[in-house]
Amino acid sequence: AEGGAGNAAEGADGNAAESGDWEDDAVSWARENGILAGLEDDFSPDEEADRETMAVMLQNYILRVEPELATQWENGTPGAIFADDGEISEEARDAVYDAVSWGLLKGCEDGYFLPEAGFTRAEMAAVIERIQYKKILYTIY
């Protein structure tokens, strides 16, 4: 937090992040709201997130923060299984397929999900836009 002390956020190693880090408030909020559930051992605010980690965080966000949206979407495996399904961790598999069936994440054109690939800022912007669009549709119908 620029110009002030932020809340210390506990990292994966159990140590508090340096007070004043810009992301402290956001990481604390995510922990308090269950967004990081299932990721505690693997979550480090300073590391890049991969696609399956983002799927888990998205699933947690929708189920815990926007539950009215989750009731509008079908859970589970969409029409096809990804060619690299075996590379998706068991812990993240449901989240990956939920996020895809909800229309928040997409696979690659070649039928792969690439669970360990980095999640780009453009992909995050697209996900946020999709959530907002779905929230608008939910309030209309």
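The values are calculated or read from the model by the stated rules, or taken from the named source; none is laboratory data. Values in this document were obtained by computation on a predicted structure and should not be read as measured data. A quick note on method: Cβ atoms are made from the backbone with ideal geometry, for glycine too, and the neighbour counts reach across all protein chains shown. Accessible surface is based on the protein model in full, side chains and every heavy atom, while ligands, DNA and RNA are left aside. Shrake-Rupley method; radii C 1.70, N 1.55, O 1.52, S 1.80 Å.
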**Study point:** Residue list for segment 97-110, filter: closer than 12 Å to I62 by Cβ, of a type in the set (D, E) and surrounded by fewer than 15 Cβ atoms within 10 Å (Cβ to Cβ)
**Key:** none
Practice item. Take segment 34-55 and flag every residue that is free of Cβ contacts under 8 Å to residues at least 40 places away in the same chain and over 22 Å from Y133 (Cβ atoms). Key: G34, L36, A37, L39, E40, D41, D42, F43, S44, P45, D46, E47
Revision key, fill the gap. For D13, the lone unmet condition from (1) modelled with pLDDT under 85; (2) within 17 Å of the chain's Cα centre (by Cα) is (2)
Check your understanding: Given the conditions (1) closer than 25 Å to V27 by Cβ; (2) in a loop (DSSP other than H, G, I, E, B), and given that L63 satisfies all but one, which numbered condition is not satisfied?
Key -> (2)
Review point. What pairs come up if the first residue lies in segment 114-129 and is under 15 Å from E52 (Cβ atoms), the second is surrounded by fewer than 11 Cβ atoms within 10 Å (Cβ to Cβ), and their beta carbons are under 8 Å apart, counting only those six or more places apart or on different chains?
Key: G118/E48; F119/E48
Check your understanding: What residue, among those in segment 34-82 that are among the acidic types (D, E) and surrounded by 13 or more Cβ atoms within 10 Å (Cβ to Cβ), is modelled with the lowest pLDDT?
Key -> D42
Revision key, fill the gap. Note on segment 111-141: residues within 16 Å of Y97 (Cα to Cα) and open to solvent by 80 Å² or more (accessible area, probe 1.4 Å) are Y112, E116
